[in-house]
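A short write-up of the structure that comes next.
Readers should treat all values here as calculations from the given coordinates under stated rules, not as data from a laboratory. Only a predicted model underlies this, so the values are computations on that prediction, with no experimental measurement involved. Every residue, glycine among them, receives a Cβ derived from its backbone with ideal geometry; neighbour counts consider all protein chains shown.
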Amino acid sequence: MSSTMQVAIIGAGVIGTTTAIRLQEQFANRISLTIFSDQFSPKTTGDISAGLWGPYQLGNTPQDKIFTWSKDTHNYFHKLWKDGVAEEAGVSLLPVTRMTTEDQSYDVPWKDVVFGCTDMTKETLERLSAEHKRKYKYGIHFNTFICEPTFFLPYLYKRIQAAGGRIERKRIESFEEVATFDLVINCTGLGAQVLIKDDYELKPVRGQVMRVKAPWIFDVLLDDSDDGNYIISNMHTIILGGTHQLNDYNQNVDAGDRKFIYEGCIGMNASIKRAEIVKEMVGLRPGRSQVRLERDTYTTKRGKQLQIIHNYGHGGSGVTLSYGCAIEVADIVNVVMATNVNTPKSKL
Ligand SMILES: Cc1cc2nc3c(=O)[nH]c(=O)nc-3n(C[C@H](O)[C@H](O)[C@H](O)COP(=O)(O)OP(=O)(O)OC[C@H]3O[C@@H](n4cnc5c(N)ncnc54)[C@H](O)[C@@H]3O)c2cc1C
């Protein structure tokens with residue numbers, strides 16, 4: 001191994017790029033970083049998302065992990081927002097109203113992570129139920145961050161390259177192709193199905209959304225019920241959603257889903273009728289029984305024990321967990337470095 005650890009990251013979505021930036025922040029010139037990816041923003045899964053902070057569709061991922069990763073990411077968005085790079089990085093702070101018709105109260109562990117979280121009063125529940133023609137049982141209000149990958153990813157690509165990282169458009173079919181690296185970090189989202197053929201836990205959760213122009217809306221209204229809709233404000237457009245169809249690989253816009261989204265959102269806010277439709281999009285969330293963030297090895301054809309760290313399967317929360325997971329990956333890299341005598345130690 002050379003004196004600088006040669007690290008390859010596969011995947012340039014929100015998970016791969018936040019992993020890259022964290023490693024550069026933490027290890028500076030002790031690593032040499034290359035990202036390989038067959039797609040970049042605006043063609044990653046995150047570019048379809050609204051980028052709203054909020055743990056969602058994470059299977060059986062342990063609650064303590066979800067809490068730590070999402071809290072660390074919230075702190076990172078807050079830092080970017082305060083550092084004055086919010087516009088370039090696509091980070092905004094917005095009021096959120098979430099409610100549900102289901103028998104599930106908002107007894108969530110992240111109430112103190114977001115800002116000013118309060119339970120909805122009975123009067124507001126009744127008013128919104130009447131306005132939306134729904135029977136809401138619980139609701140909350142709070143303020144949190146949105147981080148729009150369509151801005152965030154190009155911002156990070158620039159920073160990664162400025163810090164000496166290489167970014168290469170290349171599809172990796174097998175870990176053999178990156179076997180010369182000291183360490184490989186697998187951030188391929190649903191694409192991990194190609195590299196890890198026996199991971200039967202990884203399945204798409206299809207999501208269809210619509211982007212409209214409604215510059216009078218500056219908040220988030222989200223019905224968490226299984227048959228609920230959402231209206232999420234981004235910097236230049238509003239996202240109307242959405243669907244969550246397990247194991248559905250259809251990436252075409254579906255007319256039935258369009259009707260559900262458009263009419264459902266008009267039911268929540270009639271002014272949407274006046275909004276100009278910009279585009280409709282479909283994305284496949286990398287759904288998994290739980291997020292896979294762990295160390296592994298791959299034995300190459302030449303018998304080398306290639307060090308791998310997997311970081312994929314973030315379901316409906318890749319943006320929300322991104323930087324927190326990157327911190328944990330960096331902790332594992334530290335351990336890998338410590339066990340490799342040739343790797344330079346920090347002088348700090
Ligand atoms: C409609 C919708 C709404 C959403 N809303 C939110 C939200 O509000 N908040 C939130 O937190 N999350 C949201 N999500 C989820 C979030 O978008 C995903 O969890 C996240 O984008 C996953 O990021 P990723 O980097 O793991 O995967 P991806 O974005 O899919 O990136 C994977 C990368 O790996 C590359 N790749 C894959 N295989 C290979 C290979 N073999 N060789 C080379 N490169 C490869 C791809 O080209 C891509 O660049 C939403 C998702 C959808 C679909």
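The table for this structure:
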quantity: Near-label residues of the range 95-112 by backbone N, under 16 Å of a point 7 Å along Cα→Cβ of ASP119; calculated: 98-112
quantity: Cα-centre dipole for the range 50-177 with unit charges at Cβ (Lys and Arg positive, Asp and Glu negative), debye to 20; calculated: 200 debye
quantity: Signed unit charges on C-beta, dipole axis of the range 137-278, positive-most listed residue GLY191, PHE142, ALA163; calculated: ALA163
quantity: Spin-label pair GLU173/ASP227, simplified geometry with 7 Å Cα→Cβ offset, distance in nm; calculated: 4.7 nm
quantity: Rounded to whole Hz, the Karplus (6.51, -1.76, 1.60) HN-Hα couplings of the range 237-252, x for glycine and proline; calculated: 9, 10, 9, 10, x, x, 10, 8, 10, 5, 6, 10, 8, 5, 9, 8
quantity: Under-5 Å amide H pairs with ASP248, H placed in peptide plane, nonlocal only; calculated: ARG206
quantity: Ordering of 71-83, 11-23 by packing [mean C-beta count within 10 Å, highest first]; calculated: 11-23, 71-83
quantity: Percent RCO, i.e. relative contact order, over the chain, from Cα pairs under 8 Å lying at least 6 residues apart; calculated: 28 percent
quantity: Gain on full stretching of the segment that runs from LEU93 to LYS259 - 0.36 nm per residue minus C-alpha separation; calculated: 56.8 nm
quantity: Farthest toward positive dipole pole in the chain [+1 Lys/Arg, -1 Asp/Glu at C-beta], among SER49, SER70, PHE152; calculated: PHE152
quantity: Most positive-pole-ward Cα, GLY84, VAL178, ASN250, against dipole of the chain from beta carbon charges; calculated: VAL178
quantity: Inter-part distance where the range 99-138 and the range 1-56 are each reduced to a Cα centre, Å; calculated: 36 Å
quantity: Residues listed by number, the range 2-46, amide nitrogen under 13 Å from HIS236 label point at 7 Å toward C-beta; calculated: 42
quantity: Check: the chain dipole with +1 on Lys, Arg Cβ and -1 on Asp, Glu Cβ, in debye; calculated: 780 debye
quantity: Two-site label geometry, PHE218 and PHE67: point separation in nm, points 7 Å out along Cα→Cβ; calculated: 3.4 nm
quantity: Degrees between helix 14-27 axis and first principal axis of the chain (Cα, 0 to 90, nearest 10); calculated: 50 degrees
quantity: Kirkwood-based shape ratio for the range 5-338, expressed as Rg/Rh from alpha carbons; calculated: 0.98
quantity: Angle between the chain longest axis and helix 318-338 axis [Cα atoms, degrees, rounded to 10]; calculated: 20 degrees
quantity: Entries in LYS170/LYS304; LYS170/LYS301; LYS65/LYS301; LYS43/LYS203; LYS43/LYS259 that, when Cα-Cα distance is taken, lie over 28 Å; calculated: LYS65/LYS301
quantity: C-alpha long axis of helix 63-82 to longest principal axis of the chain, angle in °; calculated: 90 degrees
quantity: Gain on full stretching of the segment that runs from ALA130 to LYS82 - 0.36 nm per residue minus C-alpha separation; calculated: 13.4 nm
quantity: The chain, helix-only ellipticity at 222 nm - DSSP H runs n ≥ 4, -39,500 (n - 2.57), divided by all residues, nearest 500; calculated: -9000 deg cm²/dmol
